[in-house]
Structures are given as structure tokens and as C-alpha cells.
1. Aspartates and glutamates near residue 16 by alpha-carbon distance under 13 Å, same-chain residues fewer than 8 away left out - which ones?
2. Using +1 at the Cβ of each Lys and Arg and -1 at the Cβ of each Asp and Glu in region 44-121, identify which of 75, 46, 108 lies farthest towards the dipole's positive end.
3. Nearest 20 debye, what's the magnitude of the dipole of the chain about its Cα centre given +1 on Lys and Arg Cβ and -1 on Asp and Glu Cβ?
4. What list of ³J(HN,Hα) values in whole Hz, one per residue of region 29-42 in order, does the Karplus curve 6.51 cos²θ - 1.76 cosθ + 1.60 (θ = phi - 60°) give from phi, with Gly and Pro shown as x?
5. Sum up the charges of everything whose Cβ sits under 15 Å from the Cβ of residue 55, counting Lys and Arg as +1 and Asp and Glu as -1, but leave residue 55 out.
6. Excluding residues on the same chain fewer than 8 positions from residue 3, give the lysines whose Cα lies under 16 Å from its Cα.
7. Once amide H atoms are placed 1.01 Å from N in the peptide plane, what residues at a sequence separation of 5 or more from residue 101, or on another chain, have their amide H within under 5 Å of its amide H?
Amino acid sequence: MPKVMILDHILSDVIKLERILKPAGYEVCSLTGPYGILAKFDFEKPDILLFNPDMPNADTDALLSTLVQSNDLQQMIIILICSGDAVAIEQYCREMKLHGYFMTENGFDGILPYLAQFYGE
């Protein structure tokens with residue numbers, strides 16, 4: 001099963017995601033602040049990143065550009081977990097060359113089938 005890194009400052013969302021992903025067989029690691037992000041990626045080598053782009057004190061554009069351009073992380077699936085204007089979020093994902101986004105307004109119940117589309121499970 002793939003390793004998922006959750007990068008989100010909302011601890012309750014991190015806990016909810018862990019409670020869904022771990023029983024489904026995903027290996028999960030998380031970070032709730034922007035400090036040491038690149039070192040954490042280097043250490044954990046996740047297959048999937050679930051990232052809240054509204055994380056305070058994080059330069060979202062610079063971080064995502066770095067991850068997308070990294071030779072070591074080119075195979076990583078990057079998914080934004082967010083709420084708001086889906087059209088604007090979709091456009092942002094295209095501009096940043098991300099794999100997609102998951103809208104959190106209704107919780108995380110649909111996250112497993114959403115992730116399965118990237119791994120054919």
C-alpha cells in the first residue's frame with residue numbers, strides 16, 4: 001500500500017484522515033506545520049501528499065513548485081485537501097501541475113475511492 005503524507009495545520013482533519021487511511025492499509029505520516037517540510041519528505045519518501053494549501057506560514061506556491069520539480073519526488077501524487085471555489089482550485093491544480101484536489105466540505109468519507117483512482121485499487 002502507498003505511503004501517504006498529510007500536511008495540514010488542522011489537527012482534527014489530520015486525525016480524521018489517519019482514522020480512515022490506516023485501517024484501509026495505507027502507511028500514514030503527518031506534519032502539522034511548515035517547518036522542516038523538505039527534510040520530512042526526504043526522510044519519509046511518501047507516494048501521496050494530501051496538502052492543505054491554506055497552511056499558515058507556508059509558501060504554498062514555492063513548496064509545490066519545489067516538489068513538482070524534484071527528481072526524487074516526480075512519482076509522488078500531490079492532492080490538495082481544501083474547501084472553497086472548486087473552479088479556482090481546479091485551475092490552480094492545472095497551473096501547478098498537481099494531480100488533483102479533494103473538497104472537504106462534506107468530510108473525508110470519499111477519500112478512499114478518490115485515492116484508489118490513482119492506484120487502480
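1. Answer for residue 16, where 13 Å is the Cα cut-off: 8, 109, listed by chain and number.
2. The Cα lying farthest towards the positive end belongs to 75.
3. Value, rounded to 20: 260 debye.
4. In residue order, the calculated couplings are 10, 8, 8, 10, x, x, 7, x, 4, 5, 5, 5, 4, 4 Hz.
5. Its environment carries a net charge of -4.
6. Of all the lysines, those that pass the test against residue 3 - Cα under 16 Å, at least 8 places apart if same chain - are 22, 40, 45.
7. Correct list: 80.
Values quoted throughout were computed directly from the atomic coordinates according to the rules given, and no laboratory measurement underlies them. From a predicted model like this one, the values you see are computed outputs, not experimental measurements. Please note: Cβ atoms are built from the backbone with ideal geometry, for glycine as well, and neighbour counts cover all protein chains shown.
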